[in-house]
2 protein chains.
Amino acid sequence: MTSPRRVVVVGADAAGMSAAHQALRTAARRGEALAITALESSDHTSYSACGIPYWMAGDVGSGDDLVARTADQHRDAGIDLRLGTTVVAADLAGRTVTTSAGEVLGYDDLVVATGAPAVVPDWALRADGTSYDGVGVVKTLDDGAAWVRSFTRVGPGAHVVVVGAGYIGVEVAEAALEQGFGVTVLTRTRGMGMLEDEMSDLVNTGLVDAGVELVLGAEVTGLELDGDRVTGVHWEGGSREADLVVVAVGVRPATDFLAGSGLEMADNGALRPDPHGRVADHVWAAGDCCEVRRRIDDQWVFRPLGTHAAKHGRALGDSLGGGDLSFDGMVDTSITRFSACGVHLEIARTGLSRADAETAGFDPVALVTEGTTAAGYMPEAEPIAIWVMADRTTRRLLGVQVVGGHGAGKRIDTAAAVLWAEGSVDDLAWMDLSYAPPFSTTWEVLQIAARRVAERL
Amino acid sequence: MTSPRRVVVVGADAAGMSAAHQALRTAARRGEALAITALESSDHTSYSACGIPYWMAGDVGSGDDLVARTADQHRDAGIDLRLGTTVVAADLAGRTVTTSAGEVLGYDDLVVATGAPAVVPDWALRADGTSYDGVGVVKTLDDGAAWVRSFTRVGPGAHVVVVGAGYIGVEVAEAALEQGFGVTVLTRTRGMGMLEDEMSDLVNTGLVDAGVELVLGAEVTGLELDGDRVTGVHWEGGSREADLVVVAVGVRPATDFLAGSGLEMADNGALRPDPHGRVADHVWAAGDCCEVRRRIDDQWVFRPLGTHAAKHGRALGDSLGGGDLSFDGMVDTSITRFSACGVHLEIARTGLSRADAETAGFDPVALVTEGTTAAGYMPEAEPIAIWVMADRTTRRLLGVQVVGGHGAGKRIDTAAAVLWAEGSVDDLAWMDLSYAPPFSTTWEVLQIAARRVAERL
């Protein structure tokens, strides 16, 4: 009798634990038992990092609400879960990992699901590498708890500076406004860099309408401090008093422990697993520590999103367990909202940017179309703007972006489905989408937008 | 110099006028002028019949709000529009139509866009063919105006009986509840017959929760009258006092004037135009007087919906004008909502029913999946139920139905896009749909529903 295959999972959040559970299920169907050990450096497993801004906003009552599966639930499924355990080295030839406590664990299969911690710029850090009081990132449940405490401490009327105007920056701005704070958003470049200029302008306008002080092109140079506590932020050309400073300038894959392993990595350290999650013999990876394959132009891109982590983790787990599910890439879909002080904007994108399309050799034609989310005579009707881009030669749909009121955002899924199928802008314009007055105009606005581009090809 | 082509359009609502304007535009691009005469039996053009229930509900202030293009706007575009003009006969060989006033008009091209008036059962009619007082259908702007007057006359607390529980029946029930009336809905069979039983049950429950008296299997046998005014309704096994009786039992194509013309017609009189709108040499048709081609099983079906009318009308107009736009069928998508008295249900379907699928020779596997419209911890999360059906052999997606809270309904468009592309249930399960906590669970519920079916094939 052989002993069960030893699987070591490094990182016990969405991708890792999704993989672990799926591997157990698939292997069990084949009559195989797996001995899975999951090593997690924090004290938390399987939580929704995406929900933290809404916890900060007061929409979610407690950090516990964000936990999808507790440590006990993982252990009940037979996983040997070890919290507070950081892996510092891996020997892929010898098939071992070493923890910060010096323990060496052997494995038959290694799953790397270490995620991507938030980047903290030097100006936010003390000499010992910790953040100043009142300064921090929004990434872990501990971060969330710290912000909820800080929000209570400073009280309504305090001023929050958010550094970064990507998804997290915008969501935190919403949270801070909802809590009654003054809000400044600083961004090094422009707002919502994942949108085309004309669409990000709409978001900028919404932020300002809601009372946000938005400073574009602001390179932060340092903090104003009272002892260890932040009291202000300086940037080239300006400054602002601040009770709290939220840093939301991106994340970076946690793959330092694999340095020198010979695994292919992107410049930022991201791994590049195949559709089954394999990065090398007996080594697998999924989630925010990886890049994902964008189907439209067949490029690797870094998109640390929960939806990719969950899908890739599941495919990895199934393959590890002996199945053949695969994660066949993505089309670069994402969504958020900005909803505060009477402004409600749903913000979504899918496909390529104009720059991506030109790099890939397409001949892109793009237009913004304005319309309404419902028949104009209905009280539900809210403005929506849709950017549609297609290739002049092949008429292939290349990208769609949406900014608008209630019901605008999820329209992106329809465009994503067309991109997934490599459909044309004519498919989008003429396909059979639903119509009733509370839900759309007779020609759905997404189809009007597609038709206008189709007419210009 | 030749005189311009004479085009006679019979019916000046969505399909006909969409066709007329597009024909003018396309012909003008080719340097051709058209002499278009549009004959409309009513006094109204190009209005949203779909909006009438919301006018009755008080969501829309005036019937004028429902008019997309006025008679003057059509005339300004150069169309010779004649209101109050009914066509009673057509001579396709001689290329003439005859009006009820006895006028004979010659044409080079004839466009039939006569729509589909509401069916009125015998029990609702006086001997002279008019309806009793307090009894009527919901189809034209005049119907809408009459109901708005009747609602004012009877006042809050009155009782409205709605006969029929299809889209219009459910929408009128919403309107009547919103106006403070007691509401009974009678249906000969079950509620929302376009849904599978398990989905229509959810709608039935919502109607009852909102205070509707819902009677399934009720075959109306007659009215109770006080003089010419209705005071009650009888059906086999029951009766109910009623101040108003709304009849919403379907519509029938207005093609009697083409009887004996030799054109192919469905049993109900519907025409069957090709993708360019042609039904015969120099004869075109679009809109509610036509059946439409369902791509999935290549069947003609009668789906008198504004979205098909607008698309087919545009393709017809372009083809008539010398272009080549085509309406390449539909996938049987439709949507409505029931929103009253604290209940909000969005109701949508696309693709085949189980019965359709079996008739077409598929081997359907279907499941209902329950989930939430947003991450469970968000205040936006509302219940949603999704029915997904796929073919066991080919894994092709065959149909999806949705009943749920805010944001549920428009999810149908994503499924419709997959059906349009003849995608599989695996495509739906694994494609890159948007995720953020206010908009969906990490695995979008539509994808969970697809995955569950995929696992059972």
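Side notes on the structure shown:
- The order of A:D267, A:D298, A:D363, going from fewest to most other C-beta atoms within 10 Å of their C-beta, is A:D267, A:D298, A:D363.
- Under 5 Å, built H, 5+ apart or other chain: amide partners of A:T333: A:G351
- Applying both filters, DSSP loop and at most 12 other Cβ atoms within 10 Å, to the GluC sites (Glu not before Pro) of region B:355-457 gives B:E455.
- The alpha-carbon of A:K311 sits under 28 angstrom from the alpha-carbons of these lysines, leaving out residues fewer than 8 places away in its chain: A:K139, A:K410, B:K410.
- Which of B:I36, A:I52, B:I296, A:I448 has the fewest Cβ neighbours within 10 Å, and the rest in rising order: A:I448, B:I296, A:I52, B:I36
- The shape of region B:122-247 comes out prolate: with a ≥ b ≥ c from the C-alpha gyration tensor, a/c is at least 1.5 and a/b beats b/c.
- Positive-end extreme of charge dipole, the protein assembly as shown - chosen from A:V402, B:G329, B:L39 (charges on Cβ): B:G329
- The charge dipole of the protein assembly as shown, taken about its Cα centre with unit charges on the Cβ atoms of Lys, Arg (+1), Asp and Glu (-1) only, comes to about 1180 debye.
- Over chain B: helical MRE at 222 nm, DSSP H runs n ≥ 4 each giving -39500 (n - 2.57), nearest 500: -7500 deg cm²/dmol
- Assigned charges on the beta-carbon of Lys, Arg, Asp, Glu; region A:346-457 dipole about Cα centre (debye): 160
- Residues whose placed amide H lies under 5 Å from that of B:L367, excluding near-sequence neighbours: B:V388
- With all pairs of separate Cα atoms included, the protein assembly as shown yields a Kirkwood hydrodynamic radius of 30.0 Å.
- Candidates per trypsin sites (Lys or Arg not before Pro) in region B:5-62, loop by DSSP, up to 14 other Cβ within 10 Å: B:R30
- For B:T140, the shell of other residues with beta-carbons less than 15 Å away shows a net charge of -4, using +1 for Lys and Arg and -1 for Asp and Glu.
- Using a 7 Å Cα-to-Cβ projection, A:G102 label spacings across copies, nm, ascending: 11.4
- A:E219 sits among other residues whose Cβ lies under 15 Å from its own Cβ, and their net charge, with Lys and Arg +1 and Asp and Glu -1, is +1.
- Cα-based radius of gyration for region A:1-95, normalised by 2.2 N^0.38 Å, reads 1.25.
- Under Karplus coefficients 6.51, -1.76 and 1.60, residue-wise ³J(HN,Hα) of region A:199-205 in Hz, glycine/proline x: 7, 5, 4, 5, 5, 4, 4
- Sites listed here are trypsin sites (Lys or Arg not before Pro) in region A:330-422 whose DSSP assignment is loop and whose Cβ has at most 14 other Cβ atoms within 10 Å: A:R392.
- Unit charges at the beta carbon, dipole of the protein assembly as shown: most positive-side option, B:T205, B:G260, A:W430: B:G260
- For chain B, the square roots of the Cα gyration tensor eigenvalues, ordered a ≥ b ≥ c, give a/c of at least 1.5 with a/b no greater than b/c, which places it in the oblate category.
- Here region A:1-116 is treated with +1 on each Lys and Arg Cβ and -1 on each Asp and Glu Cβ, and its dipole about the Cα centre works out to around 500 debye.
- Exposure proxy ranking, count of Cβ atoms within 10 Å, fewest first, for A:C341, A:C290: A:C341, A:C290
- With the label put 7 angstrom out from Cα along the Cα-to-Cβ vector, B:V119 ends up 6.5 nm from the copy partners, going from closest to farthest.
- Charge sum, other residues only, whose C-beta stays under 14 Å from A:A259's C-beta, Lys/Arg counted +1 and Asp/Glu -1: -3
- A prolate overall shape is assigned to region B:269-348, the ratio a/c of its alpha-carbon gyration tensor axes (a ≥ b ≥ c) being 1.5 or greater and a/b exceeding b/c.
- Kirkwood hydrodynamic radius over Cα pairs of region B:342-452, then Stokes diffusion coefficient at 37 °C and 0.692 mPa s, in µm²/s: 236
- Each of B:V220, B:L195, B:W123 was placed along the dipole of region B:122-247 (beta-carbon charges, centred on the mean Cα), and the one lying farthest toward the positive end is B:W123.
A short reminder: the numbers here are calculations on the coordinates, not readings from a lab. From a predicted model like this one, the values you see are computed outputs, not experimental measurements. Backbone-built Cβ (ideal geometry, glycine too); neighbour counts: all protein chains shown.
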